[in-house]
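Shown next, in structure tokens, is the structure this report addresses.
The values are calculated or read from the model by the stated rules, or taken from the named source; none is laboratory data. Values in this document were obtained by computation on a predicted structure and should not be read as measured data. Please note: Cβ atoms are built from the backbone with ideal geometry, for glycine as well, and neighbour counts cover all protein chains shown. Just so you know, the surface numbers come from the protein's heavy atoms only, side chains and all, with ligands and any DNA or RNA stripped out. Shrake-Rupley method; radii C 1.70, N 1.55, O 1.52, S 1.80 Å.
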Amino acid sequence: MLTPIIAAVVSLVAGIFLGKVIFAKNTQKIEDEALAKASDIVKNAESQAENIKKDRILEAKEKFLKLRAEFEEDSNKKKQILIQNEQKLKEKERSIQQSMEQTKRLESELNSQRQSLNAKEENLKRKLEEADRKRDEAEKMLASQVAQLEKIAGLSADEARKQLIDALRGEAETKASSIIKNTIEEAKLTATKEAKKVVIETIQRTAAENAIENCVSVFNIESDDVKGKIIGREGRNIRALESATGVEFIVDDTPEAIIISGFDPVRREIARLSLHRLVQDGRIHPARIEEVVAKTKKNIEEEIIEIGERTVIDLGIHGLHPELIKMVGRMRFRSSYGQNLLQHSREVAKLCATMAAELGLNAKLAKRAGLLHDIGKVWPEEAELPHAILGMQLAEKYKENVEVCNAIGAHHDEIEMTSMISPIVQVCDAISGSRPGARREMMESYMRRLKELEELATSFNGVQKCYAIQAGRELRVLVDSENVSDEKASMLSYDISQKIEKEMQYPGQIKVTVIREMRAVNYAK
């Protein structure tokens, strides 16, 4: 009975012992595995740390090399700039030396010419004295011969002259009638052919778009309702616009459009931009109109400077004086014989550079002279000088090269040419202006006539502003209300019209309107 119990106890004790042994072995195995994993983790961490360290070292080296390369590149650029500056200084020194040598040569030539002129003057005086003496002798001889002929012919000199004139007149009338008859018959035979030839040449040589652009600008509006706001009560807005801008606004002729008419393109552009801003803003009244026109004029001046800067940059011209750049920008709003002055000057500059390069001359200097050759046409002040001489004086004022100044002044033969660039500029100016359709003589004379019309009116005392409108058929004169009374305004209108009749030539008739306006301004504080 006890034996099975003992056996069970023994087996139980043996199982417990065996379980402890197995548990101890498993625990040791887990510890070994944990140690192995910990060792692997440590090794991996050390490996990663080493890799990170190497990566950081490589990044540092790359950054160092990059900074070093940038430093070397910056140093090289600065060296190149220094070298270029040294070369420019050397070129300027050579140019100054050449100018000094040329000045000395011109002085010597001038002295020799002065001596030659003095000698010629003395010789001319002697010849004049001799000619006067011979003329007196010839007059005496002629008088004696006429007296002898009158005795022989029995006629006085006046009677003989009259008979000769009557005979020649009859013969001339006969020949003239015969020539006219032959000409008419020949014209009938060749009329169709010549007419076709004239029409074709006219079409080819006419720049109609330039003529239209030089006289009229079109301002489009969304609806005709806006026209009422622009005209204003009893036309006060449209009068304020015309007085402030100096152009004519034609409102009723074209639907959904307003025609801006004026011979000065700068005034038309100011008027167009001002009208655009007023329509967008919606507030249209005389005070607002004057404010907007003043701001627009300022903006146009800024745009002129921007156009000049962009032009010289496009052509690669450097070191130009700011005032000359401004005048280059003004060329955009001027025309020469119907040809846009800025486009003409750019074309001449490019032609000059090409021709100078072909001849082995200084292309940059030739391009500079070509761009500035008509700079005298945009000088805003009045000057009693040809535009070539005025342009030369402006170039000298703003320290341009001597050869450039001579090329500007000599391109219409006002002065003697002293450099090879001068004939190049003259030739290229003729090339640009003689292209078919490039210019229109009538447009230039028309603009000159309108300008003279305005200048004539402004010469009277009390006149503040004057605008020629309606293609020169009307002259509007604004006078100072404090110095000009109503009676004097009427008399002034008559005096201006009489002076126009005496001093100017024009087709049709010109309406002279004198406007006297009284303004009282006070401020509530």
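Work out how much length residue 223 to residue 417 would gain on full extension: take 0.36 nm times their residue separation and subtract the Cα-Cα distance, in nm to one decimal.
Fully extending the segment from residue 223 to residue 417 adds 63.9 nm.
If you put +1 on each Lys and Arg Cβ and -1 on each Asp and Glu Cβ, how big is the dipole of the range 70-151 around its Cα centre, in Debye rounded to 20?
Roughly 300 debye, rounded to the nearest 20.
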* **Carbon plus sulfur fraction of accessible area for the range 331-393, probe 1.4 Å, in percent** => 51 percent
* Asked: Under a 5 Å amide H to amide H cut-off, with H placed in plane at 1.01 Å, what residues pair with residue 247 once short-range neighbours are removed?
  -> none
* Structure fact -> Once residue 10 and residue 301 are pulled to full extension, the length gained, defined as 0.36 nm per residue separation minus their Cα-Cα distance, is 92.8 nm
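Using a cut-off of 12 Å between beta-carbons, work out the net charge of the residues near residue 357 (Lys and Arg +1, Asp and Glu -1, residue 357 not included).
+2
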* Structure fact -> Residue span residue 455 to residue 485: 0.36 nm per residue of separation minus Cα-Cα distance leaves a gain in nm of 8.6 nm
* To do: With only Lys, Arg, Asp and Glu charged, each at its Cβ (+1 for the first two, -1 for the last two), find how big the charge dipole of the range 332-425 is about the Cα centre; round to the nearest 20 debye.
  => 540 debye
* Mind ordering 266-273, 18-25 by average Cβ neighbours within 10 Å, highest first? -> 266-273, 18-25
* To do: Excluding residues on the same chain fewer than 8 positions from residue 326, give the lysines whose Cα lies under 23 Å from its Cα.
  => 295, 297, 298, 350, 364, 367, 377, 397, 399, 451
* Asked: For the residue pair residue 31 and residue 522, what label-to-label distance in nm results when each label sits 7 Å from Cα along the Cα-to-beta-carbon direction?
  -> 11.3 nm
* Quick one: if the Förster radius is 41 Å, what FRET efficiency do residue 111 and residue 495 give, using the C-beta to C-beta distance and rounding to 0.05? -> 0.15
* Pair residue 132, residue 398: separation of 7 Å Cα→Cβ label points (nm) -> 5.1 nm
* **Charge context of residue 469, other residues only, Cβ under 14 angstrom, K/R +1, D/E -1** => +4
* Which order, highest average first, do 126-136, 296-306 follow once you tally other Cβ atoms within 10 Å for each residue and take the mean per peptide? -> 296-306, 126-136
* To do: Rank-order 447-455, 230-238, 367-375 by packing density, defined as the average count of other C-beta atoms within 10 Å over each peptide's residues, highest first.
  => 367-375, 447-455, 230-238
* Structure fact -> For residue 140, the lysines lying under 27 Å Cα to Cα, once residues fewer than eight places off in the same chain are dropped, come out as 125, 127, 151, 162
* To the nearest 0.05, how large is the calculated FRET efficiency for residue 44 and residue 82 if R₀ is 56 Å and r is the Cβ-Cβ distance? -> 0.50
* Asked: Which ³J(HN,Hα) values in Hz, rounded to whole numbers, follow from the phi angles of the range 21-27 under the Karplus curve 6.51 cos²θ - 1.76 cosθ + 1.60, where θ = phi - 60° and Gly and Pro get x?
  -> 4, 5, 4, 5, 5, 5, 4
* Structure fact -> In the neighbourhood of residue 51 defined by beta carbon distances under 14 Å, the net charge of the other residues (Lys, Arg +1; Asp, Glu -1) is 0
* For residue 66 and residue 385, FRET efficiency with R0 = 45 Å and r from the beta-carbon atoms, rounded to 0.05? -> 0.15
* To do: Quick one: of 227/502; 61/90; 227/511, which pairs are farther than 32 Å apart, Cα to Cα?
  => 227/502; 61/90
* To do: Return the distance in nm (one decimal) between the two label points of a simple spin-label model at residue 96 and residue 125, each offset 7 Å from Cα along Cα→Cβ.
  => 4.5 nm
